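A short worksheet on the structure shown next.
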Amino acid sequence: MASNYAGLLADKLDQEGERQQARQLRERLARVVPALVSAQDAGHGVSMGQLPTDNESRLNTVDVSRPQSRDIDLVLPDAIQGRLDEFLQCVRHHDQLVRAGAALPNRVLIYGPPGTGKTQTARWLSGQLELPLLTVRCDTLVSSLLGQTSRNLRRVFDYAEQTPSVLFLDEFDALAGARGNERDVGELQRVVIALLQNIDALPDSTILVAATNHEQLLDAAIGRRFAFHIPMPLPDASLRTVLWQRWLGSYAPASIDWDELSDLSSGATGAVIEHVCMDVKRTAILSGQALIDKNELYRRLGLTQAMASQERLSTTEQEIVWLRQWAPEHFSLRALAGMYNLSTRKITSIIQAKKGGSHGNKKGVGRR
Ligand SMILES: Nc1ncnc2c1ncn2[C@@H]1O[C@H](COP(=O)(O)OP(=O)(O)OP(=O)(O)O)[C@@H](O)[C@H]1O
Ligand SMILES: [Mg+2]
């Protein structure tokens, strides 16, 4: 509508003899992103100004964002970073590769456990390519109305083809579960087939990123459509150290033993480390401290690791017992007494009382 009105205005200016202004206006219009111009073509219900929506819920099925690569700091093993760089190179030199007959479709599948940075990687790719990120909300895409899902998919892919962008199918397994794997087999088969058709109809130059926690649940036919498969592993000891240092930043006291911290956080994802860091930083800032409290950091990490190993710590006593057996050299009786504002005698009696109870045995979390 905006470009229509601007065109009308230019005509009017022309009629009134304001030729130069009319020309300037038309020049600017010509530079408007093609998508805005195609907004005039609202015939098929998809345009840049009008995000695709699910007919039933009226929710948008796509989020548009413009991640800036300077805001995103990925910490990945060299080999994985190398494969992401290779993908970027292929996208950037796609035309050249096509001419040489050596092009791959610009499609990458990122897989790995929750919290390992898959969504963040998609944002990083979009930032590096300086293209908008169209994130598909698979939850609203899978419509409760039978048959709607395929239509929703078509709209999303149409939308993505209108303008240079990165189309990102997050939580991809919701869409691309193996055929015959679900209760409503008929509907799921239709979705998978629609997905295959849409991917096949996509020009190779369209950038498609998909992320999933369950690579093994993906239909093999869908997996084959992606030229790049990139695993997101749990961070190893040295990457964990980098993550801790990055997120604690200048709030880290000099006394922190990074190797010990990395060792104690074995099995933690990047998301967990970030979460613990933000919690202790917040506590420090709100209590007017320039540095985080080391004991508080270990305590929060210990409680997070307890959750990861399915421990339910609902009382202070259970927390104390867990922390003591999780890292005894760190949680001395005196340290625990200070943390929980109790006497060492009380701490001793809590630990004695629980000895031989359900929390007495050290679980496999924490140490390698
Ligand atoms: N390797 C990493 N490098 C940098 N940040 C990371 C890394 N792994 C996780 N994070 C941080 O953890 C948070 C969660 O990451 P992200 O949302 O990308 O995980 P995900 O793999 O998409 O998880 P899910 O499967 O639950 O969607 C982000 O804020 C991100 O900054
Ligand atoms: Mg994610």
Taking amide H positions as placed 1.01 Å from N in the peptide plane, with prolines and chain starts having none, which residues 5 or more places from Thr53, or on another chain, fall under 5 Å of its amide H? Thr61
Its Cα gyration tensor gives the range 237-354 an equivalent ellipsoid whose semi-axes in whole Å, largest first, are 24, 17, 12
Work out the charge dipole of the chain with +1 on the Cβ of Lys and Arg and -1 on the Cβ of Asp and Glu about the Cα centre, then indicate which of Gly270, Leu153, Val209 is farthest towards its positive end. Gly270
Give, rounded to the nearest 20 debye, the magnitude of the charge dipole that the range 46-231 has about its Cα centre when Lys and Arg contribute +1 at Cβ and Asp and Glu contribute -1 at Cβ. 260 debye
Tell me which of Asn341, Leu84, Cys138 sits at the most positive position along the dipole axis of the chain, charges placed on C-beta atoms (Lys, Arg +1; Asp, Glu -1). Asn341
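Report the equivalent ellipsoid semi-axes for the chain in whole Å, largest first, defined as the square roots of five times the eigenvalues of the gyration tensor built from alpha carbon atoms.
50, 26, 20
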Using amide H atoms built in the peptide plane, which far-off residues or other-chain residues are under 5 Å from Ile110 H to H? Ala210, Ala211, Thr212, Ile230
If I model a spin label as a point 7 Å beyond the Cα along the Cα-Cβ vector, how far apart are those points for Gln310 and His275 in nm? 1.8 nm
Using mean Cβ contacts within 10 Å as the protection proxy, how do 297-305, 279-287 order, highest first? 297-305, 279-287
Relative to the longest principal axis of the C-alpha atoms of the chain, give the angle of the C-alpha long axis of helix 2-15, reported between 0 and 90° and rounded to the nearest 10°. 40 degrees
Percentage relative contact order, the range 237-354, counting C-alpha pairs under 8 Å, at least six apart: 20 percent
Dividing the surface of the Cα convex hull of the range 46-231 by four yields a projected area in nm² of 10.6 nm²
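Among Ser65, Ser3, Ser265, which comes first, then next, by fewest other beta-carbon atoms within 10 Å?
Ser65, Ser3, Ser265
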Which of these, Glu86, Glu329, Glu16, has the largest mean-square fluctuation under a Gaussian network model of the chain (Cα springs below 10 Å)? Glu16
Explain nothing, just the number: dipole magnitude of the chain about its Cα centre with +1 on each Lys and Arg Cβ and -1 on each Asp and Glu Cβ, in debye rounded to the nearest 20. 1000 debye
Please tell me the relative contact order of the chain in percent, rounded to the nearest whole number, where contacts are Cα pairs under 8 Å and at least six residues apart. 15 percent
Under the helix-only model (-39500 (n - 2.57) for each DSSP H run of 4 or more, divided by the residues of the chain), the mean residue ellipticity at 222 nm, to 500 deg cm²/dmol, is -15500 deg cm²/dmol
All other residues with a Cβ under 11 Å from the Cβ of Arg299 taken together, and with Lys, Arg as +1 and Asp, Glu as -1, what is their net charge? -2
With a 10 Å cut-off between alpha carbons and a GNM built on the chain, which of Asp257, Asp204, Asp14 moves the most? Asp14
For the charge dipole of the chain, defined by +1 on Lys and Arg C-beta atoms and -1 on Asp and Glu C-beta atoms about the Cα centroid, which residue among Ser69, Pro328, Tyr111 has the Cα displaced farthest towards the positive pole? Pro328
Taking 0.36 nm per intervening residue step and subtracting the Cα-Cα distance, what contour gain separates Leu286 from Gln68 on full extension? 75.6 nm
Nearest-ten-degree value, helix 148-161 long axis tilted from longest Cα axis of the chain: 70 degrees
Cα-centre dipole for the range 237-354 with unit charges at Cβ (Lys and Arg positive, Asp and Glu negative), debye to 20: 320 debye
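Each reported figure results from applying straightforward, stated rules to the coordinates on display, with no laboratory input. The shown structure was predicted, so the numbers you read here are calculated from the model rather than taken from an experiment. Please note: Cβ atoms are built from the backbone with ideal geometry, for glycine as well, and neighbour counts cover all protein chains shown.
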